[in-house]
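Just below is one structure, and these are the notes that go with it.
The values are calculated or read from the model by the stated rules, or taken from the named source; none is laboratory data. Because the structure is predicted, anything quoted here is derived from the model rather than measured. Glycine gets a Cβ as well: all are built from the backbone with ideal geometry, and neighbour counts include every protein chain shown. Protein only, heavy atoms only, side chains kept; ligands, DNA and RNA dropped before computing areas. Shrake-Rupley method; radii C 1.70, N 1.55, O 1.52, S 1.80 Å.
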Amino acid sequence: IPQQLKNRLTQLIRRARMVMFVKGILAVLSTTVLMLLLGMAVDASVTIFTVAPRILLSSCLLLGVLASVYLFLVRPLSHSFSLTGIARMIELRHPELEERLSSAVELLTTTDSAELRGSAALISELAREASGQALTVDPRREFSFKAARRVFTVMLVLSGMLTVTMMLWPQETFRLVSRLMVPFVNTDNIRAVDM
């Protein structure tokens, strides 16, 4: 594979994985804040007298966060991109490339005999054209962080809700958060001053 073509396809793979990672981190943070808000709402609306239901509530919320780590980070990032796969992905977005990238990569990396591959001169010409066309593909444009913008907005809204709650009711919010984070500590449901 010509170095120019290989470098550009490798840049595309790196950029795609970086966008997936950022989007996944934002989704996990959003889920974490959402689970915290849900747990606080349940704990504030229902009086829990023993430690066991509080531990169960915290465990369910933790399982939700761990599930989001798997769904938004582990599973997408475990998918490996091959040079041929990323070339096909780009060609779906740019039909004007006429499948030159993936054809060049496939023909240059195949283990088939020379008779099955075709003319070496044609393959080298295809690889030269594909190398030139690969430079027209911008990794930043193909895999933009705009895909993570919606998840970032959700995270900001949820974090804003948590921040407003902490500003309006700091002691109650701190008590609810601490009871969710350390459920086995038997803290009071209500303060003596409130009674």
- Message: Name the single residue that is surrounded by the most Cβ atoms within 10 Å (Cβ to Cβ) among those in the range 129-168 being hydrophobic (A, V, I, L, M, F, W, C) and not in a helix (DSSP H, G or I).
- Response: F143
- Considering each residue of the range 36-51, count those that are in a loop (DSSP other than H, G, I, E, B) and either open to solvent by less than 50 Å² (accessible area, probe 1.4 Å) or within 13 Å of P183 (Cα to Cα) (or both), and give that number. 3
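In the range 47-60, what residues are touching a Leu at 6+ places or on another chain (Cβ under 9 Å) and either without any contact (Cβ under 8 Å) to a residue 40 or more places away in the chain or of a type in the set (A, V, I, L, M) (or both)? Explain how you work it out, then say what you get.
Our first condition is that a residue be touching a Leu at 6+ places or on another chain (Cβ under 9 Å); within the range 47-60, this holds for 48, 54, 57-58.
The answer is I48, L57.
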- Task: Inspect the range 107-128 for any residue being in a helix (DSSP H, G or I), at pLDDT 75 or above and under 30 Å from S30 (Cβ atoms) and give the result as yes or no.
- Result: no
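Among the listed residues V182, V177, identify the single one that is among the hydrophobic types (A, V, I, L, M, F, W, C), modelled with pLDDT under 85 and open to solvent by less than 70 Å² (accessible area, probe 1.4 Å).
Details: V177 fails: modelled with pLDDT under 85.
One residue alone meets the criteria, V182.
Residue by residue, here is whether (1) open to solvent by 80 Å² or more (accessible area, probe 1.4 Å); (2) within 18 Å of the chain's Cα centre (by Cα); (3) of a type in the set (D, E, K, R) holds:
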| position | (1), (2), (3) |
| --- | --- |
| T10 | no, no, no |
| L34 | no, yes, no |
| P53 | no, no, no |
| S58 | no, no, no |
| G64 | no, yes, no |
| L71 | no, yes, no |
| H79 | yes, yes, no |
- Note on the structure: Of A87, A41, the only residue that is of a type in the set (G, A, S) and touching a helix residue (DSSP H, G or I) at 6+ places or on another chain (Cβ under 8 Å) is A87
